[in-house]
Amino acid sequence: KKGEPQKVTAALITSGDNILLVKRGREPHYNQWSFPSGVGAFDETHNPIEAVRSEVKHDINCIYDPTFFLSEYEKDSNSFVMFFHGTIMGVPNVTNPIVGEAKWFPMQEALQLDLAFNHKEVLKKYLEEKTKIYSLSGLGK
């Protein structure tokens with residue numbers, strides 16, 4: 001339906017202080033690093049958790065254990081994006097031609113990259129939330 005936002009899922013995949021990013025093999029943001037994300041899985045399911053698991057499986061051939069993080073409306077692309085965070089089982093292996101490569105980055109290094117879409121802002125929010133949760137001294141800010 002025209003005018004209705006497209007639903008997108010995006011996966012923050014972490015391991016310790018590292019995050020897994022994929023290099024986009026198509027426009028928009030061709031050749032930029034981003035979270036594994038996509039719209040395709042909603043053709044198969046209405047469940048966002050199943051959709052994001054399917055995207056991760058499709059992009060890097062791993063099993064993803066997602067927890068909902070946040071959702072945002074992106075006006076430019078008329079997209080409703082649901083971000084999840086979690087860990088994977090398996091070693092990332094790019095099997096999807098629209099994904100250039102997958103690579104682990106230390107979080108702080110990932111923040112220096114020119115990430116696609118609004119993924120840098122989302123990563124900053126994620127790190128702020130994580131700091132609040134894990135830091136008992138976080139109240140003193």
message: Please count how many residues of the stretch 65-89 are modelled with pLDDT of 95 or more and small (Gly, Ala, Ser).
response: 2
task: Search the stretch 121-141 for residues that are modelled with pLDDT under 65 and pair each with any residue that is surrounded by 10 or more Cβ atoms within 10 Å (Cβ to Cβ) and of a type outside the set (Ser, Thr, Tyr) when their beta-carbon atoms are under 8 Å apart and the residues are at least 6 apart or on different chains.
output: GLY138/LYS132
query: Any idea which residue in the stretch 86-119 is farthest from GLN32 (Cα to Cα), counting only those that are in contact with a helix residue (DSSP H, G or I) (Cβ under 6 Å, 6 or more places away or on another chain) and not hydrophobic (A, V, I, L, M, F, W, C)?
result: PRO92
- request: Return the only residue of LYS7, LYS23 being within 13 Å of the chain's Cα centre (by Cα), open to solvent by 20 Å² or more (accessible area, probe 1.4 Å) and in contact (Cβ under 8 Å) with a residue 40 or more places away in the chain.
  value: LYS23
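Taking the residues in the stretch 57-75 that are outside any strand (DSSP E or B) and touching a Gly at 6+ places or on another chain (Cβ under 9 Å) as candidates, determine which candidate is most open to solvent (accessible area, probe 1.4 Å). Even if it seems obvious, please write down each step before you answer.
Applying the first criterion (outside any strand (DSSP E or B)) to the stretch 57-75 yields 57-62, 75.
If we keep only those that are touching a Gly at 6+ places or on another chain (Cβ under 9 Å) too, we end up with 58-62.
Working: HIS58: 110, ASP59: 8, ILE60: 0, ASN61: 69, CYS62: 2 Å².
Here the residue is HIS58.
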- request: Give the number of residues within the stretch 35-53 that are part of a helix (DSSP H, G or I) and either open to solvent by less than 20 Å² (accessible area, probe 1.4 Å) or under 17 Å from ILE98 (Cβ atoms) (or both).
  value: 6
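The values are calculated or read from the model by the stated rules, or taken from the named source; none is laboratory data. A quick note: this is a predicted structure, and the numbers were derived from the prediction, not measured. Glycine gets a Cβ as well: all are built from the backbone with ideal geometry, and neighbour counts include every protein chain shown. Protein only, heavy atoms only, side chains kept; ligands, DNA and RNA dropped before computing areas. Shrake-Rupley method; radii C 1.70, N 1.55, O 1.52, S 1.80 Å.
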